[in-house]
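Report on the structure given below.
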Amino acid sequence: MQERLRALLIAPPGAGKGTQAVAISQEFGVEHISTGDLFRAEVKKGTALGRDVAAYLARGDLVPDDVVLQLVRVKVLEAMARDGGYLLDGYPRTLAQAHAAHAIGVEMGITAHAAVTFDVPRDVLVDRLLGRARREGRSDDDEKTILHRLDVYDCETAPLLDYYADLGVLVRIDADRPVAEVTAATIAALRAKVGAGA
Ligand code: AP5
């Protein structure tokens, strides 16, 4: 039987992780787990975790690794038990998170088939996020925080692409084109990866 997809989306703010995750999770029948959405939900509910992470989100800084791992570990294991796969959007974002995720994956036999990145020029990312700010008003979408989030990505997260390339699971998608084209290219690349890993 074909294995269920296990994949990570690792790309800068505005690259289309959330947009593409909806279509990919539907196509492959796996749960979309967005760490950003999970944190925003905790902030909105006013939980202890939400109070702890609110300032990080507002500044566009990364939430500490141990806090992220506690949350993600539970969600991934729940998703594996339910669907037999997962689609992680926005995790991992540091080398420490990537090493922790890989160690858990090896221990449980659930390492990712693919780590997908979406390539989009920086000026396009800024335009997309400013556009979303006008439509939705997300608290970290003001220009100063957007630029900071992009710097944090370049510094903390971009180095993960080499890590996943070395593991042989990196998938690079040109995402500076219409959403449907990005979706089609991503799904085709992921089908090949799941088939190769099965
Ligand atoms: P998170 O919610 O993950 O935010 P992000 O990485 O900044 O990503 P965005 O949601 O801004 O962009 P996206 O790539 O999902 O693009 P989208 O599809 O929305 O994280 C928020 C915060 O949580 C972090 O800053 C951090 O504080 C914390 N956090 C989360 N995970 C963490 C972790 N692992 N460790 C530590 N801290 C963590 O699209 C953006 C816009 O572009 C939309 O308007 C969309 O319609 C448009 N668009 C998308 N694709 C296209 C296209 N092809 N053409 C034209 N427009 C497009």
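The values are calculated or read from the model by the stated rules, or taken from the named source; none is laboratory data. The structure presented is a predicted model; accordingly, all values stated were derived computationally and were not measured. All Cβ positions, glycine included, derive from the backbone under ideal geometry; neighbour counts span all protein chains shown. The accessibility values were calculated without ligands, DNA or RNA, using every heavy atom of the protein model including side chains. Shrake-Rupley method; radii C 1.70, N 1.55, O 1.52, S 1.80 Å.
Highest GNM mean-square fluctuation, the chain, Cα pairs closer than 10 Å: which of A41, A115, A79? Judging by the Gaussian network model, the answer is A41. Once you reduce segment 1-30 and segment 144-166 to the center of their Cα atoms, the two points are 19 Å from each other.
The portion of the accessible surface of the chain made up by carbon and sulfur, rounded to a whole percent, is 54 (1.4 Å probe; DNA, RNA and ligands excluded). Identify the residues of segment 144-175 with backbone N under 18 Å of a label point that sits 7 angstrom from the Cα of R59 along the Cα-to-Cβ direction, or state none. Only 144-157 pass the distance filter. Every helix of 4 or more DSSP H residues in the chain counts as -39500 (n - 2.57), and over all residues that averages to -19500 deg cm²/dmol at 222 nm. With viscosity 0.890 mPa s and temperature 25 °C, the Kirkwood radius over alpha carbon pairs of segment 8-111 converts through Stokes-Einstein to a diffusion coefficient of 173 µm²/s. GNM on the chain, alpha-carbon springs under 10 angstrom: the most fluctuating residue among A98, A21, A180 is A180. Here the simple spin-label model places points 7 Å from the Cα toward Cβ, and for C155 and K44 these points are separated by 3.0 nm.
Just to be sure I follow the rule: in the chain, considering lysines 8 or more places apart or on different chains, how many pairs have Cα atoms under 19 Å apart? Lysine pairs meeting both conditions in the chain amount to 4. For the chain, the solvent-accessible area with a 1.4 angstrom probe is 49 square angstrom per residue. You can think of it this way: the chain between A180 and D83 has 32.4 nm of extra reach, that is 0.36 nm per residue less the Cα-Cα gap. Using the Cβ-Cβ distance between V22 and K144 with R0 set to 30 Å, the FRET efficiency works out to roughly 0.55. Other residues whose C-beta falls under 15 angstrom from the C-beta of H32 contribute a net charge of 0, scoring Lys and Arg +1 and Asp and Glu -1. Quick one: how many Å² of V74 are accessible to a 1.4 Å probe, rounded to 10? Approximately 80 Å² for this residue. What percent does the relative contact order of the chain come to when contacts are Cα pairs within less than 8 Å and at least six residues apart? RCO, the chain: 35 percent.
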